[in-house]
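*Asks:* Okay, here's the structure, questions in a sec.
The values are calculated or read from the model by the stated rules, or taken from the named source; none is laboratory data. Note that the coordinates shown come from a computational prediction; the quantities given were computed from them, not determined experimentally. Counting neighbours? That spans all protein chains shown, and the Cβs are built from the backbone with ideal geometry, glycine included.
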Amino acid sequence: MNIYLPNGTRRAKLREIVGRNLIVAANEGVGSLIRQTIKKKASQELTLLENSVENNLQDAPMKQSLYSANQPKTPIKSILLISHNLNLEGAPLALFNIGKALRDLSFAVTVISPLDGKLRDRYVQSGVSVHVIPALRRLCQRANEELRGLISSYDLIFVNTIVMFFIIFLTSAPDYPLGQRVVWLIRESPDIQEFCREMVVGRAKLANCAALVDRVVFLCEATRNLYAEFDINGNFQVIHDGVEANGPPQSSSNLVRSIAPQNFNVVTVGTICPNKGQDILIRAAEILIAKHHDFKFHIIGKVGDLKFYKELKDFVSVHGLSHSVNFTGELDQDKIRDYLAQCQAFVLPSWRESFPLSVLEAMAAGKPIVATGRFGIAEQLQHLHSGLLIQPGDTSGLVASLLQIHDDSRFARMLGENARQNFSTRFTLDDMINQYKRLIAELLPDTTDFLGEPRLISKDT
């Protein structure tokens, strides 16, 4: 008996192969494609794949479980994630957590992005297809038919961040209905007037985007309130981000050598740029190191603003802080968690934040936290209970807060324990995924089989 791929899996594989050709052609500026030729080639690839499946399953015990009659018969639903980049940073990582969870639930998941990055490998390892389309915005502005064709093959689309607003019109324009459900994840809390000027987009156009999609999801109430004027259709919703719980390193091999246990180690995580306030932290560091020589600061993150980074390095060098301020560069999530597990305090002195994952990671690690009380941070932390909140740019406030944590170990321990408790009851990854499962169930009512426990994909019998 011939073994063939389940219908839903065939569609997903066909979408992957055809999409790969469409994207290459679109990026190269090809005006038209011989679609039948592409599909014929895809069909040939599928036949080879199915023959391989048949050969590998001839005597495999898994054969029966794959095609058991008691497996779900709902067609496999396909989900497209549209990310502004694939870097190891807040917004792309949060989208990755969603995509991985949906893939684990047996949805067919694909991500497209105009910018490549280290996150690509993690997607691929999780079974998520990745397409990098450098000309994505230009293709959207031109209403490129190949890109429309690719997008139209998905049941549900997640558009990540406000900067990807331009994709909304391609997915939801009334004159070209594609039939999918669209969720727009707005993670930023910018000055809207400044954002419109930088992105060359009018407020009315943003309002139109918000009205076109099925749901606009914000990370916190403060950010939702910032966009309240755009809530024309009553389709706004808040879903807090969540992260996995973490703990101390499991073995000595996980220990970070640059963190000496005899030091008071302070960690900050974020792209190095003016908005993240690393300059405020370094000015505070100069004062703190003069008072207590055991202070050491670890600044984790990729360089987003080279001029700003050079200014930081020059300040550290000129003021003799090189032995006490450590720029680690970009680190993967496991290494960041190792730093958090071993540090004595976490700091986030940003000027603007929505709902930073780095604060959640520090809460999960049970660390005392000092952060600016901007937007969602004030919903993550309660001042003097689970963290210390300061005003943006307040160097003296940052100094005083870190001294209090340094000098009062009981108070520091209380802050960390309360932060971990608040995390475990409100901000775990499971909490977030459950909310997205409920949202998907509303938008795609026939997904019952996929929103329960993960199970093997099967063919109909």
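*Asks:* The conditions are (1) in the same structural domain as Met164 (by TED's automatic domain parsing); (2) under 30 Å from Ser324 (Cα atoms), and His298 fails exactly one of them. Which is it?
*Replies:* So His298 meets the others, but not (1).
*Asks:* Exactly one condition in (1) surrounded by 15 or more Cβ atoms within 10 Å (Cβ to Cβ); (2) among the small types (Gly, Ala, Ser); (3) closer than 16 Å to Leu80 by Cα is false for Gly117; which is it?
*Replies:* With (1) surrounded by 15 or more Cβ atoms within 10 Å (Cβ to Cβ); (2) among the small types (Gly, Ala, Ser); (3) closer than 16 Å to Leu80 by Cα applied to Gly117, the lone miss is (3).
*Asks:* For the stretch 268-366, please list each of the helices (runs of 4 or more DSSP H) lying entirely inside it that holds at least 2 residues being touching a Phe, Trp or Tyr at 6+ places or on another chain (Cβ under 9 Å) and among the β-branched types (Val, Ile, Thr).
*Replies:* The qualifying helices (runs of 4 or more DSSP H) are 278-291.
*Asks:* Of all residues in the stretch 165-198 being in a strand (DSSP E or B) and not aliphatic (A, V, I, L, M), which is modelled with the lowest pLDDT?
*Replies:* Applying the filter and picking the extreme gives Arg181.
*Asks:* Met199: over 17 Å from Ile79 (Cβ atoms) and either touching a residue at least 24 places away in the same chain (Cβ under 8 Å) or aliphatic (A, V, I, L, M) (or both), yes or no?
*Replies:* So Met199 fits the description; yes.
*Asks:* Filter the stretch 235-246 down to the residues that are at pLDDT below 95 and not in a loop (DSSP other than H, G, I, E, B) and list them by number.
*Replies:* Val243
*Asks:* Filter the stretch 123-161 down to residues that are within 27 Å of Ser189 (Cβ to Cβ) and surrounded by fewer than 20 Cβ atoms within 10 Å (Cβ to Cβ) and give me whichever is farthest from the chain's Cα centre (by Cα).
*Replies:* Gln141
*Asks:* Scan the stretch 386-406 for residues that are farther than 27 Å from Glu188 by Cβ and not polar (S, T, N, Q) and jot them down.
*Replies:* Val399, Ala400, Leu402, Leu403, Ile405, His406 - these are the residues of the stretch 386-406 that are farther than 27 Å from Glu188 by Cβ and not polar (S, T, N, Q).
*Asks:* Still on this model: Got a sec? Which of Ile280, Ile232 is within 22 Å of Asp191 (Cα to Cα), at pLDDT below 95 and among the hydrophobic types (A, V, I, L, M, F, W, C)?
*Replies:* The match here is Ile232.
*Asks:* Also: Across the stretch 281-332, which residue is nearest to the chain's Cα centre (by Cα) among those that are among the β-branched types (Val, Ile, Thr) and closer than 28 Å to Asp407 by Cβ?
*Replies:* The selected residue is Ile300.
*Asks:* Right, next: Output the residues belonging to the stretch 119-172 that are on the phi > 0 side of the Ramachandran plot and out of contact with any strand residue (DSSP E or B) (no Cβ under 9 Å at 6 or more places or on another chain).
*Replies:* Answer for the stretch 119-172, where residues must be on the phi > 0 side of the Ramachandran plot and out of contact with any strand residue (DSSP E or B) (no Cβ under 9 Å at 6 or more places or on another chain): just Ala143.
*Asks:* Please verify whether Asp214 is within 28 Å of Phe427 (Cβ to Cβ), acidic (Asp, Glu) and over 15 Å from the mean Cα position of the chain (by Cα), treating the condition exactly as stated.
*Replies:* In short, yes.
*Asks:* Filter the stretch 85-104 for residues that are buried (at least 22 other Cβ atoms within 10 Å of the Cβ) and more than 13 Å from the chain's Cα centre (by Cα) and give the result.
*Replies:* Within the stretch 85-104, just Leu102 meets the criteria.
*Asks:* When you check Thr74 against the structure, is it farther than 25 Å from Leu360 by Cβ, modelled with pLDDT under 90 and of a type in the set (Ser, Thr, Tyr), yes or no?
*Replies:* In short, yes.
*Asks:* While we're on this one: So which residues in the stretch 322-332 are surrounded by fewer than 16 Cβ atoms within 10 Å (Cβ to Cβ) and touching a residue at least 12 places away in the same chain (Cβ under 8 Å)?
*Replies:* Hits for the stretch 322-332 are Gly329, Asp332.
*Asks:* Follow-up question, since we're still on this one. Restricting attention to the stretch 207-234, which residues are among the β-branched types (Val, Ile, Thr) and not in a helix (DSSP H, G or I)?
*Replies:* Val213, Val216, Val217, Ile232, listed by residue number.
Here's the yes/no breakdown for (1) charged (D, E, K, R); (2) in contact (Cβ under 8 Å) with a residue 24 or more places away in the chain; (3) touching a helix residue (DSSP H, G or I) at 6+ places or on another chain (Cβ under 7 Å); (4) under 29 Å from Thr428 (Cα atoms):
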position: Glu194; (1), (2), (3), (4): yes, no, no, no
position: Leu206; (1), (2), (3), (4): no, yes, yes, no
position: Phe218; (1), (2), (3), (4): no, yes, yes, yes
position: Phe264; (1), (2), (3), (4): no, yes, yes, yes
position: Thr268; (1), (2), (3), (4): no, yes, yes, yes
position: Asp279; (1), (2), (3), (4): yes, yes, yes, no
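*Asks:* Continuing with this model, one more query. Output yes when any residue across the stretch 247-265 is at pLDDT 90 or above, closer than 28 Å to Leu439 by Cβ, surrounded by 13 or more Cβ atoms within 10 Å (Cβ to Cβ) and not charged (D, E, K, R), and no when none is.
*Replies:* Among the residues of the stretch 247-265, not one is at pLDDT 90 or above, closer than 28 Å to Leu439 by Cβ, surrounded by 13 or more Cβ atoms within 10 Å (Cβ to Cβ) and not charged (D, E, K, R), which makes the answer no.
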